[in-house]
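For reference, the structure is listed below as structure tokens.
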Amino acid sequence: MPDRVRAVLLTPTGTLLLMKRIKPGKAAYRVVIGGGIEPGDASPEDALHREIREETGGEAAVIRHLHTIERDGERQDFFLASIDAWSPAERTGPEFDRADGGQYLLEEIPATVQALDAVELLPEEFARVLRAAVERGELTRTR
């Protein structure tokens, strides 16, 4: 499995833009935007920008690296980024064409501990890291 990059997207109103995943027979859960680094990507950051465009129909500015998870030979790098506009109609990721893939819904939630505690954010290890960053006031749209 390729290494992955993901972005915690902060909106102009201070919310988090997440992907709500709904799969038949399973409880809904959320993930931060992102995916696998592909051979044509010039860098992990290039892959991150591609994934953000594909999954949101928008462009984002990367602010900084937040966390890395390495498990079973796979690496996932999580970044903080700001996004000003997105368009579900302009999403182009291959997952949107799969009939068996369930739903991929963009959802804004407040950047608060209470809002994070109210949803199932995966992976759990990163959910804990993000919650702690929110508690410390570390999620801002500037470096």
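Taken together, the values in this text are just the output of simple stated rules run on the coordinates, not laboratory data. Source: prediction; values computed, not measured. FYI the Cβ positions are ideal-geometry reconstructions off the backbone, even for glycines, and counts take in every protein chain you see.
Centroid-to-centroid, using Cα positions, region 44-80 and region 101-120 are 18 Å apart.
Along the charge dipole of the chain, pointing to its positive end and built from +1/-1 on Cβ of Lys, Arg, Asp and Glu, which listed residue (THR68, LEU121, PRO39) has its Cα farthest out? So the residue furthest toward the plus end is LEU121. Between ALA89 and GLU135, the FRET efficiency estimated from the beta carbon spacing at R0 = 25 angstrom works out to 0.10. Of the beta bridges in region 4-135, as assigned by DSSP with both residues counted there, near 75 percent are antiparallel.
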